[in-house]
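Everything on this sheet refers to the single structure shown next.
What follows is calculated from the coordinates using simple rules that are stated; it is not laboratory data. The model shown is predicted, which means the values in this text are computed figures rather than measured ones. FYI the Cβ positions are ideal-geometry reconstructions off the backbone, even for glycines, and counts take in every protein chain you see.
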Amino acid sequence: MDGRISLDRIAMRFGDFNAIQPTSLKIESGEFFSFLGPSGCGKTTLLNIISGFLTPSEGRVSIGGQEMTRIPVNRRPTAMIFQNLALFPLMSVYENIEFGLEVRGVDRHARRQKADELLTLVALGGSGHKPVIELSGGQKQRVAIARALAVEPRVLLLDEPLSALDLKLRQHMRTELKAIQRKTGITFIYITHDQGEALTMSDRVAVMSAGRIEQVADPMTLYRQPQSDFVASFVGENNRFPGRVVAVEESDGEGDIVTLDVGLASPLPGRALIHDGGQRLSPGDTATLYVRPEHWRLGGADATGTAVRGSVHHQHFEGAWLTLEVALDGGPVVRVQLPQNSEEAAAVPAVGEACHLSYSPGQAMVLPSAG
Ligand code: ATP
């Protein structure tokens, strides 16, 4: 089963609005691949180009090595799960799952056998005769997955399918979806604006902004080595410090340690992320330093650290984390996350009191500023 997808210089215009800038991308067969980005960045448009609901203004789409750019939806080896699921509410679970097979002329016995197999796969065995209207949100979700898989697609396209579920169920269904994808080996293409969903389920994620793919990488790489300001800010949280390079310390193999004047009492260091074809930073260049909230430590610097001073503005209790907002002296307000049961969290200064924050320069990231 070849579920490879290749987008070759795809572009989409609606009138004179460029919804998708020229984009090329290859998705492997059997990959769990997500498009992640804010509302309006073009995720649904790209998904519709893959499914055949839209024909791109330019470029080519191939699925399983076959040209599909102008092939209609019903002749593509794809199935889609929509946000609203689009189940037939008054029909039974069996009738919903078997619908696509009946349309294709599959006989009654084979249909039922397939439906039972799929119900077992989605952990709904024995529920075939129930009317869909009597099912919970999570059960409906599973029926929608079973129905989409019944027609044996090579590629399953999922358009924010979990957004209507409550938090607990959403988290549970992430694990289920991933398990179903692994068991079936089908290529899953998932679109979401929720980074948690994209990062927990995907083999690779394409981060999109304003009709462009900013970066394609596995979740860990996106988090640790964002290639642009947009990815650094959209994937996980980051405290940003735009500034100017004052010193560059030679690479130790993982990237130079670059010190930036960011307008605070002393310059701040971080590790420069150098990408293919990227320039190394030099003194005088404009660049941005990023420190993730969980990388701050409370207290002065040790031998390897760098410290800044500020005062606590707010404290939020968030279960596993204690989040602080600290106004740096002469600088911005930064977010700091401390594990709730740590010594540091136990010794947090009260709101209004002064504190020192430190971080390890190897964990902070520096990217050249755009333009
Ligand atoms: P959301 O998460 O809100 O669904 P999205 O990332 O899926 O957003 P798209 O639906 O792909 O975004 O839309 C991308 C851009 O293209 C938006 O600015 C949208 O207004 C525009 N757009 C989408 N479809 C059309 C259309 N048929 N005609 C005109 N503009 C469109």
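Taking 7 Å steps out from each Cα toward its Cβ at residue 91 and residue 233 produces label points 4.6 nm apart.
Can you give the FRET efficiency for residue 129 and residue 194, using 1/(1 + (r/R0)^6), R0 = 41 Å, r = Cβ-Cβ distance, to the nearest 0.05? Could you put the intermediate results ahead of the total?
Numbers: r = 34 Å, r/R0 = 0.83.
That pair, residue 129 with residue 194, gives E of 0.75.
Relative protection proxy for 27-33, 132-138, from highest mean packing down: 27-33, 132-138 (other beta-carbon atoms within 10 angstrom). Which values of log₁₀ I(q)/I(0), to two decimal places, follow from the Debye formula for the range 237-368 at q = 0.16, 0.17, 0.21, 0.22 Å⁻¹ with a uniform point scatterer at every Cα? Relative scattering, expressed as log10 I(q)/I(0), comes to -0.77, -0.85, -1.18, -1.26.
Take the Cα of residue 370, step 7 Å along the line toward its Cβ, and report every residue of the range 239-267 whose backbone nitrogen sits under 17 Å from that point. Only 240-243 fall inside the zone, counting backbone N under 17 Å.
Select from the range 23-90 those trypsin sites (Lys or Arg not before Pro) which occupy a DSSP coil region and have at most 14 other Cβ atoms within 10 Å, ordered by residue number.
Details: sites: 26, 43, 60, 70, 75; in loops: 70.
Answer by residue number: 70.
For the chain, give the share of DSSP beta bridges that are antiparallel, in percent and rounded to the nearest 5; count only bridges with both residues there. Don't skip to the answer; put the middle values down first.
Working: 62 of 82 bridges.
Restricted to the chain, the bridges split so that about 75 percent are antiparallel.
Between residue 350 and residue 67, the contour length at 0.36 nm per residue exceeds the alpha carbon distance by 95.5 nm.
Over the chain, what is the mean sequence separation of C-alpha contacts under 8 Å (at least six apart), divided by residue count, expressed as relative contact order in percent? Don't jump to the answer; show the numbers that get you there.
On the way: 793 pairs, mean separation 54.3, N = 371.
After rounding, I find 15 percent.
Quick one: net charge of residue 114's neighbours, Cβ under 10 Å, K/R +1, D/E -1? Don't skip to the end; give the middle numbers.
Details: positive: 111, 112; negative: 98, 116, 117, 152.
Cβ neighbours under 10 Å give a net charge of -2.
Separation of the range 301-371 and the range 20-66, taken as the distance between their Cα centroids, equals 40 angstrom.
Mind ranking 267-274, 190-197, 279-286 by how tightly packed they are, going by the mean number of other C-beta atoms within 10 angstrom, highest first? Please list the in-between numbers first.
Values: 267-274: 22.2, 190-197: 20.4, 279-286: 13.0.
Output ranking for 267-274, 190-197, 279-286: 267-274, 190-197, 279-286.
Only one residue of 127, 157, 322 has its Cα farthest out toward the positive end of the dipole of the chain, where Lys and Arg carry +1 and Asp and Glu -1 on Cβ, and that residue is 127. In terms of its Cα atoms, the range 5-229 spans 50, 38, 29 Å along the principal axes, sorted from long to short. Packing around the peptides 287-300, 3-16, taken as the average count of other Cβ atoms within 10 Å per residue, puts them in this order, highest first: 287-300, 3-16.
Annotation: lysines with alpha-carbon distance below 23 angstrom to residue 178 (same-chain offsets under eight excluded): 26, 43, 114, 140, 168.
So which aspartates and glutamates can residue 183 reach, going by Cα to Cα under 20 Å and dropping same-chain residues fewer than 8 places off? Here the aspartates and glutamates satisfying the reach criterion relative to residue 183 are 2, 28, 31, 116, 117, 152, 197, 203. Between residue 316 and residue 244, the FRET efficiency from the beta-carbon distance, with R0 = 35 Å, is close to 0.60.
Placing +1 on the Cβ of every Lys and Arg and -1 on the Cβ of every Asp and Glu, with nothing else charged, gives the range 237-368 a dipole about its Cα centre of roughly 280 debye. Give the calculated FRET efficiency between residue 11 and residue 266 to the nearest 0.05, with a Förster radius of 45 Å applied to their Cβ-Cβ distance. The formula returns an efficiency of 0.45 here. Between residue 280 and residue 83, the modelled label-to-label distance comes to 4.7 nm, taking each label 7 Å out from Cα in the direction of the beta carbon. Its Cα centre serving as origin, the range 7-65 has a Cβ charge dipole (Lys and Arg +1, Asp and Glu -1) of approximately 60 debye.
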